[in-house]
Structure formats: structure tokens, C-alpha cells
């Protein structure tokens, strides 16, 4: 009898201890807020030399001053969609499996052409689904542009919203977008844009409404109760349209499905934006106004976290989707892209990290932070939590980049870029070049934009087969002298602006071969061919 009592007592004690430990584990798990900015330039960051003192961003400044600035942060792919794919899956974008992406493979000699086409499919492990499986309450607001939305139908920019059928389709598209989020691990999805405003629907409602998205995020935070939570907040700013009447000074009743009955009351009034900029002795223009507006949204999230008593147990990531100076290429002006990570009390590793890390490393790092049990072996990224905590870290020996028809690798002080077009591109005639360029410039005109280029003889872009490149990549085509060269090698210590291509120099042939071999190591296990560097 006494022996049985002891056994029962020990069993109850063990169960109670396990439950207590589990409760402590849940209590200690941090909340995660991942804030994504869209197309910020370096002069928009006060913590970078190019932008110091040029912006009124008190909330971002606070995160940078108290957290860690990841100066060695890079992105693997340098336009909106694949960069988000990298972040949310921990994988290189060439691993995407959505139908739109895969149907291009045959045409491109089995080459994966990474651009605005790499979507996360339902059932594919991503930041939300993994954290949801770990017991997190998950929410999303803002710009999608990465989760596959089945049956979504494009409504032209020229469509008339006075036609009830137009808004009916917009509402249906919105519902489908919400459903896509819910299928991919989110418990909550509101305040959403399918894409950037110019590609989200008719011109009359193609405006930014950050107040609306911020209100949705705050509503989510207020619903979190005692569960740890994950909030993915992807603002549409400061990406265009940047004109005041379509961004910071737009009618804040307007949303992608029509009009709100009441303007959200979660951010400072838009009329205060010029007043505050003037008080700070800063110019009032669309750049400074939109950045302040974005910072207001960040501040509203922080205030809500404080009011809910969750601020001190929340880790905040502030990430810009890619460098803007060379968008749509794998030059440093696009791939080098500092981010900020904040937690209460800071990180033991210090306030600035120069460690070379990739955006595919975010998910493994977050999994480490929350002590997730999910296996990371399918991911390309590695956790850099040890780096943040000042411990010895084992990161990438080299960094890999991919966009469009280019691939790149950085190792030590050298950067190698390879540009390889499939045969169909090489076969395009002069007449076809004219047709391609004229058709593209007509699309720009519909958006109210002037042509970047009218010369059909210019080299094609790295992402889009358009003479001079598409609108996003055209600036890079003008800034880099060897843009159209198949092989490019740069010494980043001597030439950080990548202006002097060493690939043709006799004395650098050994380095060129070593860097090509390094690139081959990366693409060996990534789907798709790439010219002669990887074939079936």
C-alpha cells in the first residue's frame, strides 16, 4: 500500500513538474514582430552615413540605438517577391514551386528566372506556419506579394470604380488574399494589399493607406491574450506611388475594396506630418513625409505593445526588402542591405554587427530564438543568434545571390557576377526589340510614367528582357559600366562601387576561376541549370 502511494505521488509530481516547465517555456518565449519596409534608400536611414540627420524617424532610431544594426546583412534576391520568399521560407527563391514560376523553366533551357514570380504555396513551410505549429498566434497585415493567391483576377489600373462589378471583383480578390494567408499558417489577416497600389486595382483606389494597415495590426495585438504571437507587418511604403495625393496626403478613407465609413484613428493626423518635419528643421517633401508616416506606424505598434504589457517580451525585426541603388541586380547596391533587430535590454553581442548574413537566415534565427522543434535541414539559411549573443558563430563561407538571368557569389573581398541568357533571348531580332520596348513604354504611360529608355539597341536587363531593362532595374543598368558583361569580378575592398571589372585581367584569372568554382558549389544543389556553369 505504502509502495503504491509513493509511485502515485512520484507520477503526480512528474506530471506537475512537466506542466510547470512547459508553462515556463511558454512564458519565456518571445513575441516576434517582423516589420518589412518596401524600397527604402540608404539616405532614409538615420543610422547610415548617407541619411544621418535627414529623417524624422524617432521610433526606428530607438530600435537602432537600443538594438543591433546588422551592417553585414545581405539579401539573396533583390526585388520584392523573392526577397520576401527568402525571409519567410529560409530558402533561396529558385526553390519556389508555384505554377507560374515553374512554367517558365522549359522556355529558359531549364534555368530558373527569379523575379516577381516566386510565391509560397499552401502547405509550404514558412515563418507563419512554423510558428503556428509551435503554439504562436500568427497575424499579418500590409503588402502580400509573396503568398500564392489562387483565382485572383487582375483589375486594370484604368477600370472605373463607379461600376459595381469592379469593386465586387476587388472585394473578391481581397477575400481570396485573406484565404491564402489563412492557408499558409496565419490565424489573422487584415488590412492587406495584394501588391503595390499601382498593381492592386483601379487608379482611383490605387493609393497607400498605412493608417488602415496599422489599425489592423493593433487590432491583432489586442487579440493576442496570453499566447506568444507573431506579427508580420509588410508596409507598402516608401515604394511608389510617392506623390502626396496618392501616399502620405491621400484620402485615408480609400482602401483596396473601396471606401471606409470612418478614417482609422491610430496614427497622428496627416496634417501634422508637415508641421512635425518643419519643427525638426527638415524639408517637407514626399520622401521625408512618407518615411515619417511609416515611422508613425512603427510607433503605433510599439505603443500598442506597451499598453498590452507585451513590449518587453517582444523581439522586433526591421527589414528593408532590398537595396534600392541597384535593384534587380546582384551588385552590392542591391544585395548589401542593413537591418535592425531589437529586444528589451539589447543583445550581448553589441549594438553593431558586421557579420555577413543573408535574409535566408532570418527564419532559422527566429526558430532558435523561440526554441522551435521544427527541423531546419530543408532550409538554406543558418541561425545567427550566436552572433547576436556574442558567442562563436559558424556562418556562411560565402554568400550566394540570384535574380533574373544573373547569379553571384561573395567570398572574402571578391564578388563574382555571372550573366547568362537562354537561347530564345539571344535569337530576338532587331524588329522584335523595337516591339518589346514600345509595348513596355505604353504600360509605363498608363501608370503616368515617362519612358526610361527609347533606344531598342541597349542591352537587355538582368531581370526583364527589355532594352535598357525594366523600370525597376534601369537605374542599375546606367550605374555599372560592365552591366551587360557575361562575367564580372570585383575587388570590394579596392572598388566597393563595382566599377572596375577584373574578369578580363590576366592577373586575376586564378581568382576568377576560384570564384566561379565557389558559385558552382552553391548552384549544384539548387534547382535549375545556369548556362555552362550548371547543365543537366
* Asked: Relative to the present Cα-Cα distance, how much length would full extension add between residue 284 and residue 110 at 0.36 nm per residue of separation?
  -> 57.7 nm
* Can you give the extra length, in nm with one decimal, that the chain gains between residue 245 and residue 478 once fully stretched, where that is 0.36 nm per residue apart less the Cα-Cα distance? -> 80.9 nm
* Relative contact order (%) - the range 403-524, alpha-carbon pairs under 8 angstrom, separation at least six -> 27 percent
* Asked: Highest mean first, what order results for 118-127, 326-335 on Cβ atoms within 10 Å?
  -> 326-335, 118-127
* Structure fact -> Taking alpha-carbon centroids only, the range 467-518 lies from the range 64-121 a number of Å equal to 22 Å
* Structure fact -> For the range 87-222, one quarter of the surface area of the C-alpha convex hull, expressed in nm², comes to 9.2 nm²
* Let me know the volume per residue of the alpha-carbon convex hull for the range 250-409, in Å³. => 208 Å³
* Roughly how compact is the range 332-465, stated as its Cα Rg over 2.2 N^0.38 Å to two decimals? -> 1.50
* For a quick protection proxy, order the peptides 439-449, 165-175 by their average other-Cβ count within 10 Å, most packed first. => 165-175, 439-449
* Report, in whole Å, the centroid distance computed from the Cα atoms of the range 238-294 and the range 215-231. => 24 Å
* Rg in Å to one decimal, and Dmax rounded to a whole Å, for the range 330-406 via C-alpha atoms -> 13.6, 44
* Asked: Which value, in Å to one decimal place, does the Kirkwood hydrodynamic radius take for the range 385-454 when every pair of different Cα atoms is included?
  -> 16.5 Å
* Report Rg(Cα)/(2.2 N^0.38 Å) for the range 403-524, keeping two decimals. => 1.19
* To do: Evaluate the relative contact order of the chain (contact order divided by residue number), counting alpha-carbon pairs under 8 angstrom at least 6 apart; express in whole percent.
  => 21 percent
* Asked: Per the helix-only calculation at 222 nm, which mean residue ellipticity applies to the chain, given -39500 (n - 2.57) for every DSSP H run of n ≥ 4 and division by its residues, nearest 500 deg cm²/dmol?
  -> -10000 deg cm²/dmol
* Structure fact -> Taking a crude spin-label model, label points 7 Å out from Cα along the C-beta direction, the residue 444 to residue 413 distance in nm is 3.9 nm
* **Rg/Rg_ref, the chain, where Rg_ref = 2.2 N^0.38 Å and atoms are Cα** => 1.01
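Readers should treat all values here as calculations from the given coordinates under stated rules, not as data from a laboratory. Since the model is a prediction, treat every value here as computed from it, not as a measurement. Please note: Cβ atoms are built from the backbone with ideal geometry, for glycine as well, and neighbour counts cover all protein chains shown.
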